[in-house]
Amino acid sequence: LIKKMYEASQAGVKVELIVRGTCCLRPGIPNVSENIRVVSVVGRYLEHSRIYYFHHNGEEKIYLSSADWMTRNMEKRVEISFPILDIEMKARIKAILQLILADNVKTREQNKSGEYYYVINSSTEEIDSQVKLFKMAYQNTDAE
């Protein structure tokens, strides 16, 4: 999968990975992975979404999965991946991804050496995706 990500980057595809921590792929290597960004958002919650979003020629596809891309999951476990077909659900999931990628409080970004550093908040607004997602979930629970 890492080789395929590198091939995609070399072909000009923008790749953004939201990982929990360990990531063997190295972003930002000239002529190899300069179109790849790897971020880790770890705060109050350690969970990591297994959302796969693809966009090509105006077509969007979103999949959810029980597996991350660890070798043990690909070779030794039975996992499932399924498409999201409902338009409203796609929009909600896409908004969640955009929120996580906009986080400027808990986000650490991986450099080409594999080291993580905190993203400097250059915005006047602090965006803590986990706090915002918690509030959204809490509000939705009250509404039901």
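Where a number appears in this text, it was derived from the coordinates with a stated rule and is not lab data. Model, not experiment: these values are computed from the prediction. For neighbour counting, all protein chains shown are included, and Cβ atoms are generated from backbone atoms with ideal geometry for every residue, glycine included.
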In segment 44-99, chymotrypsin sites (Phe, Trp or Tyr not before Pro) in a DSSP loop with at most 14 other beta-carbon atoms within 10 Å | TYR45
Subset of LYS14/LYS135; LYS4/LYS61; LYS106/LYS135; LYS14/LYS106 violating a 26 Å alpha-carbon distance limit = LYS14/LYS135
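Could you put THR71, THR107 in order, starting from the residue whose Cβ has the fewest other Cβ atoms within 10 Å?
Fewest-to-most Cβ neighbours within 10 Å comes out as THR71, THR107.
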Low-density loop trypsin sites (Lys or Arg not before Pro), segment 61-144, at most 12 other Cβ within 10 Å, DSSP non-H/G/I/E/B, are LYS76, ARG77
So for the pair LYS3, LEU85, with labels modelled 7 Å out along Cα→Cβ, what separation do we get in nm?
-> 3.4
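Ranked by Cβ crowding within 10 angstrom, fewest neighbours first, how are LEU99, LEU25 ordered?
Fewest-to-most ranking of LEU99, LEU25: LEU99, LEU25.
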Quotient of Cα Rg and 2.2 N^0.38 Å for the chain, N being how many residues it contains | 1.11
Rounded FRET efficiency, nearest 0.05, which uses the C-beta distance separating LYS112 from TYR45 and R0 of 35 Å = 0.80
